[in-house]
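What follows is calculated from the coordinates using simple rules that are stated; it is not laboratory data. A quick note: this is a predicted structure, and the numbers were derived from the prediction, not measured. All Cβ positions, even for glycine, are placed from backbone atoms using ideal geometry, and neighbour counts span all protein chains on display.
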Amino acid sequence: MSWRKDLFDKVDGLNRFVLITVIEVSGSAPREVGARMVVSEKSISGSIGGGNLEYKAIQSAKELLSHSGEFTRRTEFTGLGVTLKQCCGGAVQLMFELFSKKSAKRLIDALALEHSDRPRFLVSCVFGDHPARVVSRRDDLSQMPDAIWDSARSLITANSKTSQLVTDGKAQWFITYLDEQPTKIVLFGAGHVGKSLVKLLQDLPFQIDWVDSRVDIFPTTVPDNTRVVNSKDPMKLIDNQPEDVFFVVMTHDHGLDYELCLHILRRRKFAWLGLIGSKTKRMRFEQRLEKDSIDSFTLQRLVCPIGIPGIRGKFPAVIALSTAAQLLEVRNHAVSAFSDNTLLQVEAQS
């Protein structure tokens, strides 16, 4: 999942729509900066947090749809507690952008283009009348302040934040990193927990290789972010993964679980390793792994039992929910998939 794909999926096929964006948050609010909705005459997609805030925003968007012209932008700053009687009590600034005909087509065409060699950003001048632009290098930002480029670089290396409001003098700009890279997960096991986990991860920023040697165990359809791998040599598959990969081991065979964990720990180059099982299973695995020359420091990288502490249960859906929450938590604290070398390459191309 990426911001570009997510936004493109919402606007693809529309020729007139309002893009609602949370561009600033003060205090407690239902959604983060960068949350978006798309409102057209016949559809509503996305969310800025629900409740009265979202209801009022949709009404404002529908009123904006009645305006003539190809592009219009305006902002609204709303107190959630005093004005809308919402318990969170903070305040948000929303940006409403009406795209119609030519401006809508330009945005959709720009979002659809693939530029794998450069990261791309959606940039809007908050108080300007020019439509939002998709930019991919510093030359595209020549009419914008240097602060925009500095923010673009910081968003590439951020581990959770993808959007930022930039103030330069009296001007304000809103920038979103569109090509956020999903985290690679190699999931071993297509049993009940594996099936539940894949469902939960389908709308989250992960790209999944789902591995099992049993041909008929997989469902007939899988989410777009999931690739089925019917492999009888999973060790070779492990060796071919990037260094920032997450491994999740939950096969039908404890012996296979052990061999997978041993191979991954010997490889050393991975971001996270989770193993389904009890504390007893971990203890037994540790004893065997020590005999197989896995040192105590490396053993600490094995997460077992998996899942968020406090969310416990033996139902597959409960285990999967707890594991999905843990994966997202770990991802939000992980080092960015973009290395310093990638940043240098981006700047060299700019």
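What number, in percent, do you get for the relative contact order of the chain if the mean sequence gap of Cα pairs under 8 Å and at least 6 apart is divided by its residue count?
Computed value for the chain: 14 percent relative contact order.
Using the C-alpha atoms of the range 230-280, what convex hull volume per residue, in cubic angstrom, is computed?
Details: hull volume 4.3 nm³, N = 51.
Value for the range 230-280: 85 Å³ per residue.
Rounded to the nearest 5, what % of DSSP beta bridges with both residues in the chain are antiparallel?
65 percent
Taking N as the number of residues in the range 206-252, what is its alpha-carbon radius of gyration divided by 2.2 N^0.38 Å?
Ratio of Rg to 2.2 N^0.38 Å for the range 206-252: 1.16.
Taking the chain as a Gaussian network, where each spring joins two C-alpha atoms under 10 Å apart, which residue of Gly191, Gly169, Gly34 fluctuates the most?
Among Gly191, Gly169, Gly34, the largest GNM mean-square fluctuation belongs to Gly169.
Putting +1 on Lys and Arg Cβ atoms and -1 on Asp and Glu Cβ atoms, find which of Ala320, Gly13, Val33 reaches farthest to the positive end of the dipole of the chain.
Ala320
Specify which residue in the list Thr176, Ile276, Phe99 is farthest towards the positive end of the charge dipole of the chain, using unit charges on the beta carbon of Lys, Arg (+1) and Asp, Glu (-1), about the Cα centre.
Ile276
To test your reading of the geometry: what angle, between 0 and 90 degrees and rounded to tens, separates the Cα axis of helix 316-333 from the longest principal axis of the chain?
60 degrees
If you filter the range 8-43 for GluC sites (Glu not before Pro), then keep DSSP loop positions with at most 15 other Cβ within 10 Å, what is left?
Glu32, Glu41
Based on Cβ point charges of +1 for Lys and Arg and -1 for Asp and Glu, what charge dipole magnitude is obtained for the chain about its Cα centre, in debye rounded to the nearest 20?
Numbers: 45 positive and 41 negative charges, 144 e Å.
Result for the chain is approximately 700 debye, rounded to the nearest 20.
Per 20 Å bin, what percent of the C-alpha pairs of the chain does each bin hold, from zero upward?
Histogramming the chain at 20 Å steps yields 26, 49, 23, 1 percent.
Within the chain, which is the longest segment containing none of the trypsin sites (Lys or Arg not before Pro) that sit in a DSSP loop and have at most 15 other Cβ atoms within 10 Å?
My reading of the result: 102-160 is the longest stretch.
Mind pulling the angle between the C-alpha long axis of helix 146-157 and the longest principal axis of the chain? Nearest 10 degrees, somewhere in 0 to 90.
So the helix axis and the longest Cα principal axis differ by about 20 degrees.
In units of 2.2 N^0.38 Å, what is the alpha-carbon radius of gyration of the range 1-51? Before the final figure, lay out the partial values.
Details: Rg = 11.7 Å, N = 51, 2.2 N^0.38 = 9.8 Å.
Normalised Cα radius of gyration, the range 1-51: 1.20.
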